[in-house]
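Structure first, then comments.
Any read-out appearing in this document is the output of simple, stated calculations on the displayed coordinates, not a laboratory observation. It should be emphasised that the depicted structure is a prediction, and the values quoted were computed from it without experimental measurement. Glycine gets a Cβ as well: all are built from the backbone with ideal geometry, and neighbour counts include every protein chain shown.
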Amino acid sequence: MKTRIFIFILISSVIFYLHGCSDSTVNPPPPPPTLNGIFILNEGTFGDPQSYDYSFINTSNDSVYSRVFRSANNFSLNSFPDGMVLYRDNNLYVTAQGNYLSQGTIYKINSSNNQLISSRNFGKNPYNLIIVNDKIYVSNISGSYVSVMDINLNPIADSVATGPNPNDMVYSIGNVYVAKASYTTEYSVAIINTVNNSVSKVFLPAPPVSLVESIGGIYVSSYTRKKLYLIDSSSLLKDSIQINIPSPAMGEMVAGSPGVIYIADYDTATYSSKRVYKFNVSSGQIDPNFNIQFTGTDDVYGITYDKMNGRLYITNSKGGVQNGELRIYDSNGNLIKTYPDIGGKFPKRVAFKYQ
């Protein structure tokens, strides 16, 4: 009897041990989602309404489709579309500026068949947008305010005052941070509380032309001053970092992997960007081994980072003399693939459609 009890205890102990080992096993992280397609928003050419559209790349076979919206709806977007977000509801939201100093348009589009769901005219040259908790924030670049609406395009707040010429935005911890165009007369980052739409401001010594979220807070590009300014989670200006690049100014920025910021230069004489730098937040230094440069009429017209797959997407306008192209790089600046003709002029924004 004692022998049977001993054997039972021994077997139970082994089973318990194996079960415990199984529970403590660390499973590998899941693979990144499969990229099915890429939307590319083309600003188009003045006087050519059919050029105001977006393209689509089917990444399974590298097919490129141009003027996608017009093909699906038999009419074009309003002039100079500049904002695009593919939201979690599987709908594509696009903003177009319209005529100078006039109302523009926002579109809600089914991303599966590219059919228009709804649209709304509003604002004063609506430029870019972000969507936070089913609320859409749109910067009106010829105005002094951001418009807020729900995902059905119903207005929530028509004019949240930000100061003149708001352009790009980023969300962090309950706030939307708003940058300004290079020609603004107010060098401030507007901070919108997403609960009550109240606004506070952080003032800088130069135009805050671009901003991103990274380790430590919000990093702001200061154009010709060529400094990165850090705004912490308390909306306080904490630090500035000199960015030593030969170009006259800093341009658009995009956040990469944690602690990495990609910075496009900007030539104030030619109004173009020719080079992208990789900045390490922890070291406060530019990566000397990172090298993405464009020459001739080629340029960095738009820059987007795919966080799911760790790749950098750069649109090249080719000076508008022909259709633009899309170049895809890994996080270290190695060229992976080029789509030399994306079927539209002045490609600006990129959105990713995953399986």
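222 nm [θ] for the chain, helices only, -39500 (n - 2.57) per DSSP H run of 4+, per residue, to 500?
Details: 2 runs with 29 residues, N = 355.
Computed mean residue ellipticity for the chain: -2500 deg cm²/dmol.
Using a 10 Å cut-off around each Cβ, can you sort Phe346, Phe294, Phe75 from fewest to most neighbouring Cβ atoms? Intermediate values should be presented prior to the final figure.
On the way: Phe346 22, Phe294 18, Phe75 10.
If I rank by nearby Cβ atoms, fewest first, I get Phe75, Phe294, Phe346.
Full-extension gain between Leu335 and Asp62, please, as 0.36 nm times their residue separation minus the C-alpha to C-alpha distance. Don't jump to the answer; show the numbers that get you there.
Values: separation 273, 0.36 × 273 = 98.28 nm, distance 1.64 nm.
Net length gain for the segment: 96.6 nm.
Give me a comma-separated list of calculated 3J(HN,Hα) values for the stretch 115-129, in order, Karplus coefficients 6.51, -1.76, 1.60 applied at θ = phi - 60°, integers in Hz, x for any Gly or Pro.
Going residue by residue, I get 7, 5, 8, 6, 8, 8, 8, 5, x, 9, 6, x, 9, 10, 8 Hz, with x marking Gly and Pro.
So for the stretch 257-355, averaging the separation of alpha carbon pairs under 8 Å that are six or more residues apart and normalising by length, what relative contact order in percent results? Intermediate results must be reported in sequence, preceding the final value.
Numbers: 205 pairs, mean separation 18.4, N = 99.
19 percent.
Relative contact order (percent) for the chain, with alpha-carbon contacts under 8 angstrom and 6 or more residues of separation? Before the final figure, lay out each step's value.
On the way: 943 pairs, mean separation 43.7, N = 355.
Relative CO of the chain lands at 12 percent.
Name the residues whose placed amide hydrogens come within less than 5 Å of the amide hydrogen of Tyr54, ignoring near sequence neighbours (fewer than 5 apart) on the same chain.
When sequence neighbours closer than 5 places are left aside, the close amide H contacts are Asn42, Arg67, Val68, Phe69, Arg70.
Can you tell me the equivalent ellipsoid semi-axes for the chain? Use √(5λ) from the Cα gyration tensor, largest first, whole Å.
Numbers: eigenvalues 315, 134, 110 Å².
Gyration-tensor ellipsoid for the chain: 40, 26, 24 Å.
I need Leu153, Leu204, Leu335 ordered by Cβ neighbour count within 10 Å, fewest first. List each step's numbers first, then the result.
Details: Leu153 16, Leu204 21, Leu335 12.
Ordered from fewest to most neighbouring Cβ atoms within 10 Å, Leu153, Leu204, Leu335 come out as Leu335, Leu153, Leu204.
Kindly put Leu230, Leu129 in sequence by how many other C-beta atoms sit within 10 Å of each C-beta, fewest to most.
Values: Leu230 18, Leu129 22.
The fewest-first ordering by Cβ neighbours comes to Leu230, Leu129.
Using a simple charge model, +1 on the beta-carbon of Lys and Arg, -1 on the beta-carbon of Asp and Glu, nothing else, what dipole does the chain show about its Cα centre, in debye to the nearest 20? Don't jump to the answer; show the numbers that get you there.
On the way: 27 positive and 25 negative charges, 94 e Å.
It works out to roughly 460 debye.
Could you tell me the center-to-center distance, by alpha carbons, between the stretch 274-349 and the stretch 206-231 in angstrom?
Each part reduced to its Cα centre gives a spacing of 20 Å.
What is the Cα centroid distance between the stretch 236-267 and the stretch 135-167, reported in whole angstrom?
26 Å
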